[in-house]
Structures are given as structure tokens and as C-alpha cells.
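J.: Sharing a structure, written as C-alpha cells. Questions coming.
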Amino acid sequence: WSRMMIALQRRFDEGIRGIIRQGLEDGSLNVHQDNVRLIANAIIGMCSWSHRWYHPSDTSSGEQIGTVFADAILNGLAKKAD
């Protein structure tokens, strides 16, 4: 079981890295760094801890949480210049 979980985790991590690599190569992602592993770890880390803070009784739906996460990842948190 342990080996299978490690293999699945590696497959998942590489999938996220592949998406980031593709976005950097085709210009659809604009990041200040091209450290794919670091960017992937930041995204995976953000998403992986939801089990620690999410409670089904919260007012935010899964869709709302996904939208907030995606917006933070894809658009950042800095205020846009006017």
C-alpha cells in the first residue's frame, strides 16, 4: 500500500508540474520564476491542507473554495494597477 501511495503521489506531483511547464512554455502562465517544482509545491501545499480547516458546516461550498483557490493561484493577490 505504501509503495502504491508513493507512486500515486509522484504521478500527481508530476501531473501538476507538467501543467505548469506547459503553461510557461505556451505563455498562458506568467510567473516571475520558472522554478516549476517550487511553484507546484506551493499549489499542492495550499490545496493539501484543506482537510485541516474545512468543515462541511461552513458556508463556503466546494465550488466557491475552488474558485477562490484558482483565482489566488492564477491571478495572485496583489492589487491590479489602475
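J.: Just to check I understand the Karplus step: with θ = phi - 60° and J = 6.51 cos²θ - 1.76 cosθ + 1.60, what whole-Hz values come out for segment 27-37, glycine and proline as x?
T.: Running phi through 6.51 cos²θ - 1.76 cosθ + 1.60 with θ = phi - 60° gives x, 6, 10, 10, 10, 6, 10, 10, 7, 4, 4 Hz.
J.: Where a ≥ b ≥ c are the square roots of the eigenvalues of the C-alpha gyration tensor, would you call segment 25-82 rounded, which needs a/c under 1.5, or, failing that, prolate if a/b is larger than b/c, or oblate? Mind dumping the intermediate values first?
T.: Values: a/c = 2.68, a/b = 1.57, b/c = 1.70.
Oblate, because a/c is 1.5 or more while a/b does not exceed b/c.
J.: Let me ask something else. Arrange the residues 36, 68, 31 by how much accessible surface each exposes, largest first, with a 1.4 angstrom probe. Walk me through the numbers on the way to the answer.
T.: Values: 36 20, 68 95, 31 65 Å².
Order by accessible area, largest first: 68, 31, 36.
J.: Accessible area per residue, 1.4 Å probe, Å², for the chain: what's the number? Please report the intermediate quantities before stating the final value.
T.: Values: 7090 Å² over 82 residues.
That works out to 87 Å² for each residue.
J.: Not counting ligands, DNA or RNA, and with a 1.4 Å probe, what is residue 49's accessible surface area in Å² rounded to the nearest 10?
T.: Counting only protein heavy atoms, residue 49 exposes about 140 Å² to solvent.
J.: Please calculate the 1.4 Å probe accessible area of residue 59, with all protein chains present, and give it to the nearest 10 Å².
T.: 140
J.: Per residue of the chain, what 222 nm ellipticity follows from adding -39500 (n - 2.57) for every DSSP H run with n ≥ 4, rounded to the nearest 500? Intermediate values should be presented prior to the final figure.
T.: Numbers: 4 runs with 56 residues, N = 82.
When only DSSP H runs of four or more count, the value is -22000 deg cm²/dmol.
J.: Order the following by accessible area, largest value first: 77, 24, 8. Probe radius 1.4 Å; ligands, DNA and RNA are ignored. Please list the in-between numbers first.
T.: Working: 77 160, 24 55, 8 85 Å².
Reading off the accessible areas and sorting them downward yields 77, 8, 24.
J.: Ranked from the most accessible area to the least, with a 1.4 Å probe and all protein chains present, what is the order of 58, 34? Please list the in-between numbers first.
T.: Values: 58 65, 34 120 Å².
Result, largest first: 34, 58.
J.: For a quick check, take a GNM of the chain with Cα springs below 10 Å and name the residue from 23, 15, 62 with the largest mean-square fluctuation.
T.: 62
J.: Tell me the Kirkwood hydrodynamic radius of segment 1-44 in angstroms, computed as one over the mean inverse distance between distinct C-alpha pairs.
T.: On the way: mean 1/r = 0.0899 Å⁻¹.
Kirkwood hydrodynamic radius for segment 1-44: 11.1 Å.
The values are calculated or read from the model by the stated rules, or taken from the named source; none is laboratory data. Being a predicted model, the structure only gives us computed values, none of them experimental. Ligands, DNA and RNA are stripped out before the accessible areas are found, and what is left, the full protein with its side chains, is counted by its heavy atoms. Shrake-Rupley method; radii C 1.70, N 1.55, O 1.52, S 1.80 Å.
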